[in-house]
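To keep things clear, I will list the structure first and then write my remarks on it.
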Amino acid sequence: MHKVAILLGQSVASFELGCASELFALSRPEYPDWYQTDIISFHPGPFTATGGLQLLVPQVQDLACYDTILIPNWSVANPAPDQQLRQQLLAAYHRGARLISFCSGAFLLAELGILRDKAATTHWRYADEFQRRYADIRYQQNVLYCFDGQIGCSAGSAAALDLGLAIIRRDFGFEIANQVAKRAVISAHRQGGQAQFITQPLQKKTNLLSSTMDWALLHLDQPLAIEQLADKAGLSRRSFDRHFKASTGLSPLQWLVQQRLQLVQHYLEQGLHSLEQISVLTGFGSSLNLRQQFKKQLGISPGQYQRQFSSNSITF
């Protein structure tokens, strides 16, 4: 049983706490070995959440029993933890526990020193302050989350759901993560990064782009040229690239690769096709190209992924 602690500071962001609770604390008896989650704090409370909501949670003295520690938010003005909490979080990190932050929770991880020379992110409104204070961290401006397996940081607010689902995909596989997303009525895997949301309303060609993207998703097994997609959207290649990036945060080619890799994950978890067959079904053309893209984007080989997430594996 994987034990999760949702760790509260003295002020609580209701939305981020809700995201953590929905994904990790909601009972899901249909899934064997689902997370066992506690909402805890090192402070006695009561805690004031957004909107004046008063909360009482168990006060703890150590984190020794937890495999994942999730920080929904943290003080930006005074992020340094007291000595006891610092010691407990560092001890958890050094024994291999995952430390996950949503939104401003990245400030707590940064104060611990464990993000030094690592990629990290937080809400765009805190980006300048975060980079000013922690110049030794590789801040990622235009991502929804960073996740290296032991440390994860999400951008603000709803990006917490994206990181949470990425963790569930890592722990339980593509299909279960999709089911969790469907129950929450959210996208299982959003594309793009924070740049979509920062300074101005999006310039969209909504109907043209969305219909073209829908068409592409139905034809991923075919060789799709970006010029072909631009023509289908009724745009020049240059305009298509610009509108696509403004709407998704990705280039058309990056988006196509991500969609194909999601389809590959689906087929790998089914365990019914050879890698060569999957490469044809997903438009990669050859198993070599599929392997290269899979390793580059996901950090593991298709075989490793299938051994982890499929109970009906074909050896390749």
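The values are calculated or read from the model by the stated rules, or taken from the named source; none is laboratory data. As the structure is a computational prediction, the values presented were derived from the model and not from experiment. With ideal geometry, Cβ positions are generated from the backbone for all residues, glycine too; neighbour counts draw on all protein chains shown.
Below, the figures for the structure above:
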{"read-out": "Segment 283-295, subset in a helix (DSSP H, G or I) and surrounded by fewer than 16 Cβ atoms within 10 Å (Cβ to Cβ), residue modelled with the lowest pLDDT", "value": "Lys295"}
{"read-out": "Residue count for segment 4-34, restricted to those that are outside any helix (DSSP H, G or I) and either surrounded by 21 or more Cβ atoms within 10 Å (Cβ to Cβ) or not assigned by TED's automatic domain parsing to the domain that holds Phe107 (or both)", "value": "8"}
{"read-out": "Enumeration of residues in segment 87-119 that are in a strand (DSSP E or B), touching a Gly at 6+ places or on another chain (Cβ under 9 Å) and more than 12 Å from Tyr66 (Cα to Cα)", "value": "Ile100, Ser101"}
{"read-out": "Tally of residues being of a type in the set (Ser, Thr, Tyr) and either assigned to a helix (DSSP H, G or I) or under 18 Å from the mean Cα position of the chain (by Cα) (or both) across segment 250-282", "value": "2"}
{"read-out": "Checking Gln222 against (1) part of a loop (DSSP other than H, G, I, E, B); (2) closer than 22 Å to Phe174 by Cβ; (3) of a type in the set (S, T, N, Q), the condition it does not meet", "value": "(2)"}
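The rows are residues; the columns are (1) touching an Asp or Glu at 6+ places or on another chain (Cβ under 8 Å); (2) surrounded by 21 or more Cβ atoms within 10 Å (Cβ to Cβ); (3) at pLDDT 95 or above.
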position: Asn73; (1), (2), (3): yes, yes, yes
position: Gln83; (1), (2), (3): no, no, yes
position: Gln87; (1), (2), (3): no, no, yes
position: Tyr93; (1), (2), (3): no, no, yes
position: Lys118; (1), (2), (3): yes, no, no
position: Glu129; (1), (2), (3): no, no, yes
position: Asn142; (1), (2), (3): no, no, no
